[in-house]
Each structure stands twice: as C-alpha cells, then as structure tokens.
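The values are calculated or read from the model by the stated rules, or taken from the named source; none is laboratory data. Remember, predicted model here, so these are calculated numbers, not experimental data. Heads up, the Cβs are rebuilt from the backbone with ideal geometry, glycines too, and the neighbour counts pull from every protein chain shown. The area values use the complete protein model at the heavy-atom level, side chains included, leaving out ligands, DNA and RNA. Shrake-Rupley method; radii C 1.70, N 1.55, O 1.52, S 1.80 Å.
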Amino acid sequence: MSTAPRYRYPGVKPFERTDSTIFFGRDRDRDDMVGLIALERLTVLFGKSGYGKSSLLNAAIVPRLEATRGYTAIHVRMTSSGAENHLSPTDLIVGFLDEKSPVQADMEFLDTLCRERSLWYHFKRRQRFSRTDNRPEGGWLLVFDQF
C-alpha cells in the first residue's frame with residue numbers, strides 16, 4: 001500500500017500538525033511566539049491574509065508547546081463554513097473537553113458549588129495535579145483561528 005507523496009508546499013490550504021516535519025524556515029517566529037505564549041495569558045498573532053499564520057500555529061507553535069509545556073491545544077476555527085458552523089465557540093470547546101479529557105474525580109465537588117456551567121467550570125473539572133507537589137500539570141491552549 002503506497003501513500004500519497006507529501007509536498008513541501010500544500011498550496012492554498014495551511015500546513016497541519018501532521019506537516020510539522022516538512023514545515024521549516026520560521027524557527028525564529030516559532031521561538032518568539034512560544035516564548036510570548038509562555039509568558040502571557042493572551043497572545044494575538046495577526047497579519048495579512050496569506051502570510052502563513054495558520055501554518056505557523058498548526059505545524060510549529062502548537063506542537064512545540066504541547067511537547068515542551070504539556071499543553072493540550074483546542075482549535076476553534078472561526079469560519080462560517082463546515083459541519084460545526086451551527087455550534088458556538090463555547091459549545092465547540094466543551095465538546096472537545098467532553099470527548100478528550102475526563103473529569104477528575106477529585107474535582108467533582110464543583111458540581112455542587114457552581115450553578116453556572118461556564119468555561120471555567122468545564123476546564124477546572126478536568127484540571128490535573130502533580131502527585132508529588134500538588135501543582136497543576138499541563139494546561140490548555142485555546143487557538144482561535146480565522147478570528
């Protein structure tokens with residue numbers, strides 16, 4: 001069984017995470033953004049259409065942050081096309097969490113404390129803590145693309 005060849009330039013579609021091995025030449029941009037994201041709670045990457053922002057995020061920044069910082073990335077693409085266009089960004093995020101991240105047993109007490117089921121509530125219920133020093137492990141990286 002042969003696989004289709006992977007080309008260096010995917011054309012008009014952005015590079016994806018699976019393309020990280022063939023995405024190169026933007027190491028400084030990647031390192032600058034990874035450092036900034038590690039320092040700031042909110043980081044905005046903006047520029048003209050076609051500059052490769054989505055490719056940089058998908059194939060360089062997100063894989064590096066997941067590998068070095070233990071983040072779990074949640075991608076929310078803000079477009080009007082696609083099957084999920086009837087869902088709000090909040091619903092997309094909660095759906096991802098329900099599918100990919102189990103509720104931590106020691107965080108179920110939040111059900112009795114929180115009447116409002118905000119995003120904070122959904123993330124907090126899935127927060128993991130280190131067994132050695134009881135500090136939070138990993139973290140979440142929300143990537144809003146085509147905002």
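Structural remarks
- Taking region 12-52 as the range and being basic (Lys, Arg) and touching a residue at least 12 places away in the same chain (Cβ under 8 Å) as the test, the residues that pass are ARG17, ARG26, ARG30.
- Those residues of region 112-128 which are among the polar types (S, T, N, Q) and open to solvent by less than 80 Å² (accessible area, probe 1.4 Å), in sequence order: SER118, GLN127
- Which numbered condition PRO10 misses (of (1) at pLDDT below 80; (2) exposed (fewer than 13 other Cβ atoms within 10 Å of the Cβ); (3) over 20 Å from the mean Cα position of the chain (by Cα)): (2)
- Number of positions in region 90-111 that are under 10 Å from HIS122 (Cβ atoms) and either open to solvent by 70 Å² or more (accessible area, probe 1.4 Å) or in contact with a helix residue (DSSP H, G or I) (Cβ under 7 Å, 6 or more places away or on another chain) (or both): 6
- Subset of region 59-74 [open to solvent by less than 20 Å² (accessible area, probe 1.4 Å) and within 22 Å of THR90 (Cβ to Cβ)]: VAL62, ALA73, ILE74
- Of all residues in region 22-35 being over 10 Å from PRO63 (Cβ atoms) and in a loop (DSSP other than H, G, I, E, B), the one that is modelled with the highest pLDDT: ARG26
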